[in-house]
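Participant: Pasting in a structure now, in structure tokens, and then I'll have a few things to ask.
The values are calculated or read from the model by the stated rules, or taken from the named source; none is laboratory data. Only a predicted model underlies this, so the values are computations on that prediction, with no experimental measurement involved. Positions of Cβ are backbone-derived with ideal geometry, glycine not excepted, and every protein chain shown enters the neighbour counts.
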Amino acid sequence: MAFCPQCGAADQDATFCANCGAPVNGANSVPVAPAYTQAPAAAVGQYADWGVRFVGYLIDSLLVVAVNIVFSILSRISSGFGLLQLLVDLGIWGWFAIQVGATGASPGMRVMGLKCINEQTGQPIGAGLGVVRAIAHVVDFIICDIGFLFPLWDEKRQTLADKIMSTVVITVPKKPFSIQPK
């Protein structure tokens, strides 16, 4: 039995960790994603359940709510804080989208053990496409939020935005809460 040097998960005769995709055999292996013949999520993790994804989103939302409470109090002092609050909200959500693209996870996703990856490569999609994916969630909203419910019945548990961007959300080992990716 081999253990993943990245996350510590146990694998039997595996070349790559089933949890995080890191090479398992060979101490001097270079971390390279394996060539996938099918969806890479099968090789690097299981598709994430809707409930776990929802809780990760709630954690991210609570951070925004905390900032909004402060700005609501400040807006009683001056109406100029309303516009600043909107800009800060957009900044926070933009920062989370960049993290999802660059590292595969926002703070809430890391706490819940989730990672967003490209379904062909098994790697994060990049900061720019992370922002595009966040904007693609508008499609999920337009149809009365039904797009966010797609993971309840979809084979790959994708939202409409995930389908548009060719991404999947998989389960990985949980990490402690942190605003900054580590």
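Participant: Taking region 138-150 as the search range and keeping residues that are out of contact with any Ser or Thr (no Cβ under 7 Å at 6 or more places or on another chain) and either not assigned by TED's automatic domain parsing to the domain that holds Val52 or not aromatic (Phe, Trp, Tyr) (or both), which one is nearest to Asp49 (Cα to Cα)?
Facilitator: It comes out as Leu149.
Participant: On the given criteria, is Phe177 over 17 Å from Asp49 (Cβ atoms), over 10 Å from the mean Cα position of the chain (by Cα) and at pLDDT below 95? Write out each step before concluding.
Facilitator: Working: over 17 Å from Asp49 (Cβ atoms): yes; over 10 Å from the mean Cα position of the chain (by Cα): yes; at pLDDT below 95: yes.
The answer is yes for Phe177.
Participant: When both residues are 6+ apart or on different chains and their Cβ atoms are under 6 Å apart, which pairs have a first residue that lies in region 89-108 and is assigned by TED's automatic domain parsing to the domain that holds Ser166 and buried (at least 22 other Cβ atoms within 10 Å of the Cβ), and a second that is in a loop (DSSP other than H, G, I, E, B) and not hydrophobic (A, V, I, L, M, F, W, C)?
Facilitator: Between residues of region 89-108 that are assigned by TED's automatic domain parsing to the domain that holds Ser166 and buried (at least 22 other Cβ atoms within 10 Å of the Cβ) and residues that are in a loop (DSSP other than H, G, I, E, B) and not hydrophobic (A, V, I, L, M, F, W, C), the close pairs are Phe96/Ser106; Gln99/Ser106; Gln99/Pro181; Val100/Ser106; Gly101/Gly126; Gly104/Pro124.
Participant: Here's a check for you: in region 27-73, which residue that is within 27 Å of Glu119 (Cα to Cα) and of a type in the set (Phe, Trp, Tyr) is modelled with the lowest pLDDT?
Facilitator: Among those residues, the one meeting the criterion is Tyr36.
Participant: For region 90-139, which residues satisfy the criterion of being of a type outside the set (D, E, K, R), on the phi < 0 side of the Ramachandran plot, in contact with a helix residue (DSSP H, G or I) (Cβ under 9 Å, 6 or more places away or on another chain) and assigned to a loop (DSSP other than H, G, I, E, B)?
Facilitator: Ala105, Ser106, Pro124, Ile125
Participant: Looking at this structure, is Asp162 touching a strand residue (DSSP E or B) at 6+ places or on another chain (Cβ under 8 Å), part of a helix (DSSP H, G or I) and among the charged types (D, E, K, R)?
Facilitator: Spelling it out, Asp162 is indeed touching a strand residue (DSSP E or B) at 6+ places or on another chain (Cβ under 8 Å), part of a helix (DSSP H, G or I) and among the charged types (D, E, K, R).
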